[in-house]
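Each remark here refers to the structure printed beneath this line.
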Amino acid sequence: MIKLSIEKAVGKPLAHDITRIIPGKSKGPAFKKGHILTANDLPVLSDMGKRSVYVFDPEKGYIHEDNAAKVLAEAFQKRWFTLEGPSEGRFNIKAQINGLFKININLLTFINQTET
């Protein structure tokens, strides 16, 4: 992650959600993690008092969590599974047939512990 002025962050993916609070009306995400900032976003960020944001460093090979989830989900044979998603960095994988699902625990552990 690197901290940049909002102007220099245009074209880069946000490293975190940015919450907008309108007192007495609403509170929720104005921008979600992974959102690619555009010039159109600058007035919204300025109105929220944001002068800088944290973005992912493109040199580090950032992959959006939804894209990473898609790569893993597509490794399943679609002949027996359906995929729903992505949402929040995951796909739901549902069986199309009855049967026993075997998993390689060592491989799953390795995948879950991989940083990049």
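Things to note:
- Within the chain, helix-based [θ] at 222 nm, where runs of 4 or more DSSP H residues each add -39,500 (n - 2.57), nearest 500: -5500 deg cm²/dmol
- One chain, two ends: V10 and N92. Fully extended at 0.36 nm per residue, the span grows by 26.3 nm beyond their Cα-Cα distance.
- Per the Cα gyration tensor, the stretch 65-113 maps to an equivalent ellipsoid with semi-axes of 18, 16, 8 Å, ordered largest to smallest.
- Selected from A95, V71, F56, residue furthest toward positive end of dipole (the chain; charges at beta carbon): A95
- For the stretch 26-43, Karplus couplings with θ = phi - 60° (6.51, -1.76, 1.60), whole Hz, Gly/Pro x: 7, 8, x, x, 7, 9, 9, 3, x, 4, 7, 5, 10, 4, 5, 7, 4, x
- Where only alpha carbons of the stretch 2-60 are counted, the Rg and the Dmax (Å): 11.4, 41
- Convex hull volume of the chain per residue (C-alpha atoms, cubic angstrom): 151 Å³
- Gap separating the Cα centres of the stretch 1-31 and the stretch 64-116, nearest whole Å: 30 Å
- Build a GNM of the chain with springs between Cα atoms under 10 Å apart, and of S87, S52, S26 the one that fluctuates most is S26.
- Once both labels are positioned 7 Å from their Cα atoms along Cα-to-Cβ, the gap between I103 and V71 label points is 2.0 nm.
- Cβ-placed point charges (K, R +1; D, E -1), dipole of the stretch 2-60 about Cα centre in debye, nearest 20: 200 debye
- About the centre of its Cα atoms, the chain shows a dipole size close to 240 debye [charges on the beta carbon of Lys, Arg (+1) and Asp, Glu (-1) only; nearest 20 debye].
- Relative exposure of L72, L83, L100, judged by other C-beta atoms within 10 Å (fewest first): L100, L72, L83
Rule-based calculations on the coordinates, nothing more; no lab input. Here the structure is a predicted model, which means the values were calculated and not measured. As a convention, Cβ positions derive from the backbone with ideal geometry for all residues, glycine included, and neighbour counts pool all protein chains shown.
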